[in-house]
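Heads up: the structure comes next, in structure tokens.
Throughout, read-outs are computed from the coordinates displayed, never taken from laboratory work. Nothing here was measured: the structure is a model prediction, and the numbers come from that model. Here Cβ is always computed from backbone atoms with ideal geometry, including for glycine, and neighbour counts include all displayed protein chains.
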Amino acid sequence: MKVKIENSNSSKKKTEMLCGFVLEGSDKILGLNKINSKIADSIKQSLKDNNGEMGKVTIVPTNKKILAKRILLAGIGKKEKITNDTIRFVSGKIAQKASELKLKEFSIITPPSYLIEPVSAVSQITEGCKMSLYKFDKFKSKQETSTPDLSILVSNSNKISKAIKNSEIISDGVIYTKSVANLPPNECTPSTLATFSKNIAKKNKMKCTVFSKNELEKKGFGGITAVGKGSKNEPKLIVLEHHGRRSNEKPIVLVGKAVTFDTGGISLKPGEKMDEMKFDKCGGCTVLGIMKAVSELKLPVNVVGIIPSVENMPGGESYRPGDIIKLYNGKTAEILNTDAEGRLILADALAYGEKQYSPKAIIYFATLTGACIVALGTNVAAIVSNNDRLTHKIKESSKRTTEEVWELPLNDDYMDMVKSDVADMKNIGIGRAAGTITAAAFLRNAIEETPWTHIDIAGVAWTQGATKSKPYNPKGATGFGVRLILDYLQKI
Ligand code: BES
Ligand code: MN
Ligand code: ZN
């Protein structure tokens, strides 16, 4: 899909579909000032039917009376209820309609600036349309052939073309994350992720280092190697570096859990929905998508992406409940459940990130705990942090991107819950109590002093039963976190 802006008198635009937003109860298409009287009546008629209801789209045929083949009315609801997501959401509906009608192109009229700031409007239109047209059909014999191109009609194009370019890169980052995360576990192993990372690094001039199983063992990555032992697909630690600033400036480190398949290991999971554990690599995929976009946007910050990747399998070589392992930072962990594997590979990656880069902040993503879904459901991610300023910034970005987060507490009582009788810590808490927080408590032991934010995306990384349906999040991986962190990095 190509996106372009046009400074145009929208009523005279030649297009297969001229799309405009409509406020609830209004009898006008926003931003369309004059329209040929020959079809004004049929528009009025259709507006009665559409009524500007949020998300409702209505087609009005123009019968060749104007240059546009058809008009689409897209309801955006009440003015007071418009949020950051409204235009993104409704644009997604429009794009899906265009695709359903198999159009080659369509045009959207930007709403007037008194309603939404123009740069924000075109960004949301671009993101909503692009993200909604992604489809995971790689493994279908017949694929969708092409997606329609979009013209965004504006009254003043200054500043705006840069915004579109930005939004295109950001949406492509999200789409990339989704397309890797959706890959089945037989097609995406730790070494596949390493290859993808190297390819992106090469294209976008980033440094990429991949540690093999041997190197991981030698350097003391006890968590990654223990979890990786049960699988024929060897573990990898992937490190991507984007240098957008003076090289001595401290970077932001992003870490993402990439378990390409989580069976639970010897503490085997039940069979129901186990297929969904291909999504246990989503944290790593999010980091990969962010790094791709960061380098394409050429953001003036130093950013390091670290992706510990393993497959958690049961077998003769697997690590076991009862094992005691030594993590990268020298601390020991008693394994009481091999299904609590994410925190072990993350502990290694976090300690490595802090030691190697002395970062300004560490932000890490993981589909870490089922308890997170119990606590917050499937539309909000859990965050835990040791730094209020960082949390505030993440929350501000979250408001802008509508990737929702909610903070959970972490005090010393929770730290006590992961203390072990025989080692420095144990890899589970006490029963089912506060499962999301005890995972964060375990990981608090991996970082010494750097400000950090832990983001548990177990509920939001892919669409599940209770996920709110959005046109730009079709079934499968959502790419949660990519837009959030790109917003954060752009505002630093
Ligand atoms: N990847 C899972 C968490 C998960 C489960 C995410 C379901 C999304 C949906 C993680 O590795 C895991 O198995 N966690 C255990 C931890 C427990 C053994 C302390 C869990 O949540 O049950
Ligand atoms: Mn697990
Ligand atoms: Zn897992």
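Values as computed for the structure displayed
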item	result
Rough spin-label spacing in nm, given labels placed 7 Å along Cα→Cβ, for Lys419 and Ser212	4.3 nm
The chain, helix-only ellipticity at 222 nm - DSSP H runs n ≥ 4, -39,500 (n - 2.57), divided by all residues, nearest 500	-11000 deg cm²/dmol
Translational diffusion of the range 3-155, µm² s⁻¹ [Kirkwood Rh, Cα pairs; Stokes-Einstein; 25 °C; 0.890 mPa s]	158 µm²/s
In sequence order, calculated HN-Hα J values of the range 228-234 (Karplus, 6.51, -1.76, 1.60; Hz; x Gly/Pro)	x, 4, x, 10, 5, 7, 5
The chain shape via C-alpha gyration tensor axes, a/c threshold 1.5	prolate
Separation of the Lys475 and Lys219 label points, Cα + 7 Å toward Cβ, nm	4.0 nm
For a label point 7 Å along the Cα-to-beta-carbon line of Lys138, residues of the range 225-244 with backbone N under 19 Å	233-234, 236, 238
The range 1-77: C-alpha gyration tensor shape, a/c 1.5 cut-off, then a/b vs b/c	oblate
On Cα atoms only, tilt of 388-401 relative to the major axis of the chain in degrees	30 degrees
The range 179-274 - convex hull of the alpha-carbon atoms, volume per residue in Å³	133 Å³
Residue order, fewest to most surrounding Cβ atoms within 10 angstrom, among His243, His392	His392, His243
Between 0 and 90°, nearest 10: helix 118-132 axis offset from the chain longest Cα axis	70 degrees
Residue order, fewest to most surrounding Cβ atoms within 10 angstrom, among Glu117, Glu80	Glu80, Glu117
Inter-probe distance in nm under a simple model that places probes 7 Å from Cα toward Cβ, at Lys14 and His392	5.5 nm
Prolate/oblate/rounded label for the range 265-371 (Cα gyration tensor, a/c 1.5)	oblate
Summed residue charge, Cβ within 9 Å of Leu73's Cβ, Lys/Arg positive, Asp/Glu negative	0
Nearby aspartates and glutamates by direct alpha-carbon distance to Lys4 (threshold 19 angstrom, same-chain neighbours under 8 apart not counted)	Glu16, Glu105, Glu117, Glu127, Asp149, Glu168, Asp172, Glu296
With Cα atoms, 0 to 90° folded angle of helix 342-357 axis to the chain main axis	90 degrees
Rounded to 5, percent antiparallel among DSSP beta bridges of the chain	40 percent
Label zone at Gln45, where the point sits 7 Å out along the Cα-to-Cβ direction: the range 53-77 residues whose backbone N lies under 12 Å	60-63
Segments 399-408, 340-349 sorted - mean Cβ within 10 Å per residue, highest first	340-349, 399-408
Sorted peptide list for 352-363, 83-94, criterion being average Cβ within 10 angstrom, highest first	83-94, 352-363
